[in-house]
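Engineer: Quick one: this structure, given as structure tokens, is what I'll be asking you about.
We did not get these values from a lab; they are worked out from the coordinates using the rules stated. Note that the structure is predicted; figures quoted are calculated from it, not measured. Cβ placement follows ideal geometry from the backbone for every residue including glycine, while neighbour counts extend to all protein chains displayed.
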Amino acid sequence: MTSTGTLYVCGTPIGNLQDITIRALDVFRNVDLIAAEDTRRTRKLLAHFEIPTKTISYHEHNEFSRAPQLIEMIKEGKQVALVTDAGMPGISDPGAHLVDCALSNNLKVVSIPGPSAVITALSVSGFSADEFTFVGFLPRKGKRREEALESLAQETIVAVIYESPYRLTRTLSDLVSVLGGDRKVVVTRELTKLHEEIIKGTLEEVREEFSQRTIKGEITIVVGNKER
């Protein structure tokens, strides 16, 4: 490596603060700076564990303009931690660009693994995840959404989708249209939080369940594999 500086890519809790790892806390205490998607949320996490380390914003609107500044700091020997609001950076969250820049500059990058809604949802789905595809958030409308749904219809393995509570019923209806109402699905809501919920059934059953409710919280959908 050409520098003593390091970029630490750190997982943070997706809900329950106790899910932070001991290793991540050690990193937060010892780095020079924490680059955070939302500094206010990260400061709450740090305050909970009485960690005074300085934070700087690094989010989807400034990731390209701020990356050079952070890269220069690491080149100068600074230790920088990268975090997002929840889960692992770079997975449906900012982070990949900064990591790419660090690697392109032969700087040291270290993963500090932590919670991920993808893996957490899969673990409580009851579906065998020897193979799975991660879709992330579907496009909201138009041709891109149609193409994404058509692509999903071609999948035969388990698929994981992130969704807003405001669009959940619509997405379940669209999935019924392209996959059929009998396809098995699990919808997880507020994973690791006080009101955690796991609902499993056919797409039609689960769509009907949520169509009659006011939905709040973080949603992850796990679509079962196509029966052969």
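Engineer: May I ask you to work out the translational diffusion coefficient for segment 104-228 at 4 °C, viscosity 1.567 mPa s, via Stokes-Einstein with Rh from the Kirkwood sum over Cα pairs, reported in whole µm²/s?
Structural biologist: Answer from the Stokes-Einstein relation: 85 µm²/s.
Engineer: Which whole-percent values make up P(r) of segment 5-122 when all C-alpha to C-alpha distances are grouped in 10 Å steps starting at zero?
Structural biologist: Going out from 0 Å in 10 Å bins, segment 5-122 shows 15, 52, 30, 4, 0 percent.
Engineer: If you rank Leu7, Leu17 by fewest surrounding Cβ atoms within 10 Å, what's the result?
Structural biologist: Neighbour counts put them in this order, fewest first: Leu17, Leu7.
Engineer: Could you pull out every one of the lysines with an alpha carbon less than 23 Å from that of Lys78, ignoring same-chain neighbours closer than 8 positions?
Structural biologist: The qualifying lysines are Lys54, Lys108.
Engineer: Please arrange Ser128, Ser104, Ser92 by how many other C-beta atoms lie within 10 Å of their C-beta, fewest to most. Present the calculation step by step, with values, prior to reporting the outcome.
Structural biologist: Details: Ser128 12, Ser104 9, Ser92 15.
Least crowded to most crowded, the residues run Ser104, Ser128, Ser92.
Engineer: Same structure again: At what distance in nm do the modelled label points of Ser164 and Ser128 sit from each other, each positioned 7 Å from its Cα along Cα→Cβ?
Structural biologist: According to this spin-label approximation, the distance is 3.8 nm.
Engineer: With a 10 Å cut-off between alpha carbons and a GNM built on the chain, which of Ile74, Ile22, Ile198 moves the most?
Structural biologist: With Cα springs under 10 Å in the chain, the top fluctuation among Ile74, Ile22, Ile198 is at Ile22.
Engineer: At what distance in angstrom do the alpha carbon centres of segment 56-84 and segment 107-125 lie from each other?
Structural biologist: 21
Engineer: Work out how much length Arg41 to Ser211 would gain on full extension: take 0.36 nm times their residue separation and subtract the Cα-Cα distance, in nm to one decimal.
Structural biologist: Values: separation 170, 0.36 × 170 = 61.20 nm, distance 3.13 nm.
Contour length minus the Cα-Cα distance gives 58.1 nm.
Engineer: I need the calculated FRET efficiency for the pair Leu17 and Phe137, taking r as the beta carbon distance and R₀ as 22 Å, to the nearest 0.05. Before the final figure, lay out each step's value.
Structural biologist: Values: r = 25 Å, r/R0 = 1.12.
The value I calculate is 0.35.
Engineer: Using Cα positions and a limit of under 19 Å, work out the lysines in reach of Lys193, with same-chain residues fewer than 8 apart set aside.
Structural biologist: Of all the lysines, those that pass the test against Lys193 - Cα under 19 Å, at least 8 places apart if same chain - are Lys44, Lys216.
Engineer: Based on the alpha-carbon set only, what is the convex hull volume of the chain divided per residue, in Å³? Each step should come with its number before you reach the end.
Structural biologist: Working: hull volume 31.7 nm³, N = 228.
Per-residue hull volume (Cα only) is 139 Å³.
Engineer: How big is the charge dipole of the chain about its Cα centre, in debye rounded to the nearest 20, if each Lys and Arg gets +1 on its Cβ and each Asp and Glu gets -1 on its Cβ?
Structural biologist: Using only the charged Cβ atoms, the result is roughly 440 debye.
Engineer: Kirkwood hydrodynamic radius, segment 74-139, all distinct C-alpha pairs: what's the number in Å?
Structural biologist: 14.1
Engineer: Okay, helix-only estimate at 222 nm for the chain: each DSSP H run of n ≥ 4 adds -39500 (n - 2.57), divide by all residues, round to 500 deg cm²/dmol; what do you get?
Structural biologist: Taking each H run of at least 4 residues, the total per residue is -10500 deg cm²/dmol.
Engineer: Who wins for biggest fluctuation among Thr214, Thr21, Thr55 in a Gaussian network model of the chain, springs between alpha carbons below 10 Å?
Structural biologist: The residue with the greatest mean-square fluctuation here is Thr214.
Engineer: Something else: Over all directions, the average projected area of the alpha-carbon convex hull for segment 124-191 comes to how many nm²?
Structural biologist: Directional mean of the projected Cα hull area for segment 124-191 stands at 4.7 nm².
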